[in-house]
1. Give me the 1.4 Å probe accessible area per residue for the chain, excluding ligands and nucleic acids, in Å².
2. Taking the Cα centre of the chain as origin and charging only Cβ (+1 Lys, Arg; -1 Asp, Glu), how large is the dipole, in debye to the nearest 20?
3. State the Cα centre-to-centre distance between region 164-196 and region 280-308 in whole Å.
4. Could you tell me which of the pairs 98/189; 161/313; 98/127 are separated by over 31 angstrom between their Cα atoms in the structure shown?
5. Tell me which lysines have Cα within less than 17 Å of residue 50's Cα, excluding those fewer than 8 residues away on the same chain?
6. At 222 nm, what helix-only mean residue ellipticity would the chain give, in deg cm²/dmol to the nearest 500, using -39500 (n - 2.57) for each DSSP H run of four or more?
7. Please name whichever of 304, 182, 41 sits farthest to the positive end of the charge dipole of the chain, dipole taken about the Cα centre and charges placed at Cβ: Lys and Arg +1, Asp and Glu -1.
8. Taking a ≥ b ≥ c as the square roots of the eigenvalues of the Cα gyration tensor of region 117-243, is the shape rounded (a/c under 1.5), prolate (a/b larger than b/c) or oblate?
Amino acid sequence: MALVTSGSGAGPVINEVEMNGGADPSATTVRATVVQASTVFYDTPATLDKAERLIEEAAGYGSQLVVFPEAFIGGYPRGSTFGFGISVSIANPKDKGKEAFQRYHAAAIDVPGPEVTRLAAMAAKYKVFLVMGVIEREGYTLYCSVLFFDPLGRYLGKHRKLMPTALERIIWGFGDGSTIPVYDTPLGKIGALICWENKMPLLRTALYGKGIEIYCAPTADSRPVWQASMTHIALEGGCFVLSANQFCRRKDYPPPPEYEFAGFGEEPSADTVVCPGGSVIISPSGEVLAGPNYEGEALITADLDLGEIVRAKFDFDVVGHYARPEVLSLVVNDKPQLPVSFTSAAEKTSAAKNDSIAKSY
């Protein structure tokens, strides 16, 4: 595993951010690592084993924060069409896609669940804050999610991808405003958006409004233009941006006919690079601290000077002195959007509240 570096060598439960919180004033730097590596596709236990080896290696370099790519646990179904885009009929191509979805569904994880418990144990064992991209299974619907863990082994919460892109909408559900967290930690205020969500200005602004300082951007986009987006976000938000992508070859996926790649004209060879990575760490001033790496699997590491956040905000604070709320403002609906609700549950809640008030007198 290659290492790309930059720079020099029981507490309270961490809640979502309070605006008067922030980085530990006694800490001047945070060592952070973005992991650029491939899922072991359709093999979640092996992927968890690989994740632990990578976390152990990053912790060995002194990293306090480790960020994994989009869909690292469960896998990003690169090249698969799930039967769509092949035929508009309701015949065999779609049926084959249903079988592919069944295998993909089996590789996803429940949140909470045993895999989440194991990830929490890894964070505790190696004493790191862990940001992990997963495919989350809730019943029969899958979500592209990011899970957050602290060094005490606590699962803090999740972000569900608000807007899947293109064919992702066939296989993933849509998140809502209830899972756009920013966590106030001793390292700073940490949150995440996934892949092209990062191109949604209002969603970014929601994170800025929560005071994000270490902005994680797990992605599947390896195009050079992605670097421009990451630099812009760092400058716009006055925050550190940590973007993690997978580096994958065709052989990292099951062979045909179990798994077939579309979009290459013909089946790619085993050593064909199907995702070249491009993971990167960028400072609030727009300086590239480490990466982008397009060479192979790697741990991309940098020391984050937290004082640079304040220096960047002197020029531009997008939700502070550079805001014009009397002209432009944002309202975020952060309530869970449930497809089914039951009036009896609401009545029981109301009755319990009334009973509590009555007892207080």
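1. Working: 17020 Å² over 361 residues.
On a per-residue basis, the chain sits at 47 Å².
2. Numbers: 32 positive and 41 negative charges, 126 e Å.
Dipole about the Cα centre, nearest 20: 600 debye.
3. 21
4. Values: 98/189 40 Å; 161/313 28 Å; 98/127 41 Å.
Cα-Cα > 31 Å for 98/189; 98/127; rest within.
5. 125, 251
6. Numbers: 8 runs with 99 residues, N = 361.
-8500 deg cm²/dmol, from helical runs alone.
7. With unit charges placed on the Cβ atoms, the residue in question is 182.
8. Values: a/c = 1.67, a/b = 1.08, b/c = 1.54.
Oblate is the answer for region 117-243, as a/c is 1.5 or above yet b/c matches or exceeds a/b.
The values are calculated or read from the model by the stated rules, or taken from the named source; none is laboratory data. Everything numeric in this text was worked out from a predicted model, so none of it was measured. So basically every Cβ, Gly included, is an ideal-geometry build from the backbone, and we count neighbours across all protein chains shown. Only protein heavy atoms, including side chains, enter the accessible area calculation; ligands, DNA and RNA are left aside. Shrake-Rupley method; radii C 1.70, N 1.55, O 1.52, S 1.80 Å.
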